[in-house]
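Quick notes on the structure that follows.
The values are calculated or read from the model by the stated rules, or taken from the named source; none is laboratory data. In this text, all values refer to a predicted model and were calculated from it rather than measured experimentally. Cβ atoms come from the backbone with ideal geometry, glycine included; neighbour counts cover every protein chain shown.
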Amino acid sequence: MTDLNAIYVIVMRELKKFVREKSRLVSSIARPLIWLFLVGAGMSRLVSPRAGMPYTRFIFPGILGMTILFSSIFSSISIIWDKEFGFLKEILVAPVRRSSIVIGKSLSGTAVSAIQVFIVLMTFPVIGERLSFLQVLLTLLVGLLVAFSISSFGIVIATFYENYESFSVIMNFIIMPMFFLSGAMYPVKLLPSALRWASRLNPLTYGVDALKNTMFQAKAGPMSPDFSFSLDMLVIALSSAVFVLLASVFFERKQ
Amino acid sequence: MLRDGKAITVSGITREFGPATAVDGISFEVDRGEFFGFLGPNGAGKTTLIRMLTTLLKPTSGQAIVSGFDVAEDPARVRKHIGVVPQAMTSDLDLTGRENMDIYGRFYGIRSGERKERIEYLLEMVGLAPRADDLVATYSGGMRRRLEIARVLVHKPALLFLDEPTIGLDPQSRRVVWELLKKLMQGDSITIFLTTHYMEEAELLCGRVAIIDAGKIIAMGSPAALKAGIPGNDIVTLKVGGLTDEIIGAMEKLPFVHKVSREEDSLAASVDNGAENLPQLIDVVRASGGAIVAASVHEQSLEDVFIHYTGKSIREEEARKVSFLIGAGMPQRLGR
């Protein structure tokens, strides 16, 4: 009971802070929209119209994946400075299980991601995408699960770093490769085999693919989803469980 | 628990970090209801010790019983009874004072009605009630510190740990925090464990002080007993033109002079009855060919106790540490 309560308080605090920091909200939503409308519109000139769909529509699930990736990992990594300089310093000496702190922090990342995903998703009519109400709902649900898995992955990463100076390392060597190898910008099936294998080891790949599965009609052709929806969901569920477990173990050991 | 009335019992506690020993076989006891302080320079091992006592760091060897439970064997039980105010300021800048306290209270599972009442009472006590609904970002350092002390009291801990509570504060804010801590001791039967490198803080607040240097306790007792334990009762400081070793030698021969230390052209002598004996000291300096530029007499402080045992001053490293800590609130706002 104390632990459920602790999880609730951690999420509540994070949401309160998030809503209050308008600049954070604006910049976190600007990034995916810039990619969608600047990169997407530019790239669509290079992609044959016969490939199956306009490029902007193809990268839409990938851009949602990007939104989740950035906001979830940023949110999780804040555990580093919460621990060094903030909230967690008091919380760690409170009678609460370490795993509850990890779950609370993962759910915080999930909640913050979900808000951003919802806002970006609602731009779908602008790019000529047609989605049913059910598809929107399903996309949000999948987004939530992906966000939880990536947030807990972020905590695993955070336990390896002591200070926020390592932030650029995480950005360049984890976040960017994860994004480009997720099938967000180009179909995994068209990649050279080494990169294709790397993509298959990337948890975000299945998240992006699941989002493609819920949004795209085409089940064949170069731009169709790379895996089945059930495989995607299985990997997301399993990886979430593994990441939460690893995060709890590493976090406990860190002391 | 606490059958023997001891809030903390530490025996031979040691913590090593690789080849370095931060805390080196320390033993002491703190009675329930005591205000106990650890005084020592930066890097003496104070924070390491507090981290072990508050279950955040496992001792390499030795044992610590806090609130009746072993910190290494039973950390969860220890955590139930303690409150900790860490050295860095940890209140959330983008939440109000009241919200900061409310989140903390909820975290400890305190019921809504009781929580509101307690928060109201504590905000009033620390003098923050009129500013309770302003963002902490608009608070001064002293106000933030008072908020953090109020916050840690929400769950009524029996034992309160404060790590350098007034570091980085201006003298006036420091005094306000001191008054607050004194007030705390008068009320509930709370035990306070404090670390500091400000001797006036230890002297003013603590019933008993352990002086720590290089991971070891070098002296322990009430401030008065510690001061009585070193020879002399006053320090005479003389600034002397043409200071020579002969002058120091002549001074050391006087019966009421215990020790003379020199720093450039100044002397500090620990003496009995400094005010009465000052004229005679001046005569001796003049007779040995020195010219008195300035003279002062002050009562021995814990600083002098520290100098007596270690041969160095506590103050030396102070400036550097403070500038580091003032920056500590910053990272909360980066990288979002």
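Any chance you could count how many residues in the range A:26-36 are free of Cβ contacts under 8 Å to residues at least 40 places away in the same chain and not hydroxyl-bearing (Ser, Thr, Tyr)?
Qualifying residue count, the range A:26-36: 5.
Give the residues of the range B:238-265 that are under 16 Å from B:Gln280 (Cβ atoms) and part of a strand (DSSP E or B), sorted by residue number.
If the condition is that a residue be under 16 Å from B:Gln280 (Cβ atoms) and part of a strand (DSSP E or B), then B:Leu238, B:Val240, B:Val257, B:His258, B:Val260 are the ones that fit.
Would you confirm, using the coordinates I've provided, whether A:Val9 is facing chain B (nearest Cβ under 8 Å), modelled with pLDDT of 85 or more, closer than 21 Å to A:Ala114 by Cβ and in a helix (DSSP H, G or I)?
yes
Among the acidic types (Asp, Glu) and in contact (Cβ under 8 Å) with a residue 40 or more places away in the chain - does that describe any residue in the range B:18-33?
Yes, some residue in the range B:18-33 is among the acidic types (Asp, Glu) and in contact (Cβ under 8 Å) with a residue 40 or more places away in the chain.
Taking helices (runs of 4 or more DSSP H) that do not extend beyond the range A:140-209, which have at least 1 residues that are of a type outside the set (Gly, Ala, Ser), within 14 Å of chain B (Cβ to nearest Cβ) and within 18 Å of the chain's Cα centre (by Cα)?
A:167-170
Let's see how each residue does on (1) of a type in the set (Gly, Ala, Ser); (2) more than 17 Å from the chain's Cα centre (by Cα); (3) over 26 Å from A:Ile79 (Cα atoms):
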| residue | (1), (2), (3) |
| --- | --- |
| B:Ser91 | yes, yes, no |
| B:Leu122 | no, yes, yes |
| B:Leu135 | no, yes, no |
| B:Val152 | no, yes, no |
| B:Leu162 | no, no, no |
| B:Arg175 | no, no, yes |
| B:Leu180 | no, no, yes |
| B:Met185 | no, no, yes |
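From (1) touching a residue at least 40 places away in the same chain (Cβ under 8 Å); (2) away from chain A (no Cβ under 14 Å), pick out the condition that doesn't hold for B:Gly168.
Result: B:Gly168 fails condition (2) only.
If I filter the range B:121-132 for residues that are free of Cβ contacts under 8 Å to residues at least 40 places away in the same chain, part of a loop (DSSP other than H, G, I, E, B) and of a type in the set (A, V, I, L, M), do I get at least one hit?
yes
Go through (1) assigned by TED's automatic domain parsing to the domain that holds B:Leu122; (2) more than 22 Å from B:Ser27 (Cβ to Cβ) for B:Gly221 and report which single condition fails.
If we test B:Gly221 against (1) assigned by TED's automatic domain parsing to the domain that holds B:Leu122; (2) more than 22 Å from B:Ser27 (Cβ to Cβ), just (2) comes out false.
So how many residues does the range B:42-92 have that are more than 9 Å from chain A (Cβ to nearest Cβ), in contact with an Asp or Glu (Cβ under 8 Å, 6 or more places away or on another chain), in a loop (DSSP other than H, G, I, E, B) and buried (at least 22 other Cβ atoms within 10 Å of the Cβ)?
The qualifying residues number 2.
Considering only the range A:20-36, I want to know if a residue exists there that is away from chain B (no Cβ under 14 Å), over 16 Å from the mean Cα position of the chain (by Cα) and surrounded by fewer than 16 Cβ atoms within 10 Å (Cβ to Cβ).
Yes, the range A:20-36 has at least one match.
Conditions first: (1) within 22 Å of A:Leu15 (Cα to Cα); (2) more than 9 Å from chain A (Cβ to nearest Cβ); (3) outside any loop (DSSP other than H, G, I, E, B). B:Arg106 passes all but one, so which condition is the exception?
Unmet for B:Arg106, out of (1) within 22 Å of A:Leu15 (Cα to Cα); (2) more than 9 Å from chain A (Cβ to nearest Cβ); (3) outside any loop (DSSP other than H, G, I, E, B): (2).
Scanning for something at the interface with chain A (Cβ under 9 Å from one of its Cβ atoms) and surrounded by fewer than 19 Cβ atoms within 10 Å (Cβ to Cβ), does the range B:128-141 turn up at least one residue?
yes
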